[in-house]
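Encoded as structure tokens, the structure appears first; notes follow it.
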Amino acid sequence: MCMCLLLGSSLAAVASRSSSFVGEYGAGGGTAYSFSGEQLNGHITALRVRENVNHILGLQFRYGRQWSPYYGNAAGTLHEVELYPGENITQVSGKVAAYVNELIFVTSHGRLLRFGQPSGTSFNDFPLFPGTILRYVSGRYSTVIHSIGFHWGYCIKCNDLS
């Protein structure tokens with residue numbers, strides 16, 4: 001029994017050093033959303049962001065070859081960006097006020113994917129551990145994205161696009 005407890009605590013320590021989450025940016029309110037289950041389909045290979053002149057209205061990610069559910073409003077301008085083979089999201093910056101106003105995704109290939117409007121309080125989020133990438137996003141939404149948080153970890157099924 002002691003050996004099981006020691007092994008379990010060692011595995012928990014390794015798992016805690018392989019992922020990070022700082023918290024949500026934004027004011028809250030609305031309904032909770034999370035893409036946590038989608039990461040089992042592979043890594044993020046594309047994203048869709050819907051915006052209007054003031055805010056981020058909705059989000060959707062493709063994991064491997066499968067699109068996640070869409071969270072947000074169907075109005076506004078829709079942007080779709082595919083990541084290159086082997087490309088991952090390594091940092092996210094943006095601006096928030098009462099809602100999420102701007103998102104800037106930085107990729108491992110040096111691309112900046114910018115959406116929304118540059119107004120509000122700035123934030124910058126990145127993984128705490130080397131070799132980890134954006135695994136999934138969570139937060140709160142209604143007709144706009146109220147808040148957003150970024151979950152970083154090791155790539156699962158990176159080479160599997162099925």
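The values are calculated or read from the model by the stated rules, or taken from the named source; none is laboratory data. Computed from a prediction, not measured in an experiment: that's the story for all the values here. Cβ coordinates were reconstructed from backbone atoms using ideal geometry, including for glycine residues, and neighbour counts include every protein chain displayed. We work out accessible area using only protein heavy atoms, side chains counted, and drop any ligands, DNA or RNA first. Shrake-Rupley method; radii C 1.70, N 1.55, O 1.52, S 1.80 Å.
May I ask you to verify whether N73 is touching a Gly at 6+ places or on another chain (Cβ under 9 Å), open to solvent by 20 Å² or more (accessible area, probe 1.4 Å) and under 18 Å from I148 (Cα atoms)?
Considered against the rule, which asks whether it is touching a Gly at 6+ places or on another chain (Cβ under 9 Å), open to solvent by 20 Å² or more (accessible area, probe 1.4 Å) and under 18 Å from I148 (Cα atoms), N73 comes out as yes.
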I'm trying to understand the selection: among the residues of region 52-70, which are farther than 26 Å from A27 by Cα and either open to solvent by 60 Å² or more (accessible area, probe 1.4 Å) or among the aliphatic types (A, V, I, L, M) (or both)? R65, Q66, W67
Could you tell me whether any residue of region 90-105 is outside any strand (DSSP E or B), within 15 Å of the chain's Cα centre (by Cα) and closer than 20 Å to G153 by Cβ? no
Take N88 and decide whether it is open to solvent by less than 50 Å² (accessible area, probe 1.4 Å) and under 25 Å from L128 (Cα atoms). yes
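Conditions tested, residue by residue: (1) within 17 Å of H146 (Cα to Cα); (2) open to solvent by 20 Å² or more (accessible area, probe 1.4 Å); (3) among the aliphatic types (A, V, I, L, M); (4) part of a loop (DSSP other than H, G, I, E, B).
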position: L47; (1), (2), (3), (4): no, no, yes, no
position: R50; (1), (2), (3), (4): yes, yes, no, no
position: H79; (1), (2), (3), (4): no, yes, no, no
position: S119; (1), (2), (3), (4): yes, yes, no, yes
position: L128; (1), (2), (3), (4): no, yes, yes, yes
Out of S119, S138, S162, S142, report the one residue that is in contact with a helix residue (DSSP H, G or I) (Cβ under 9 Å, 6 or more places away or on another chain) and modelled with pLDDT of 95 or more. S138
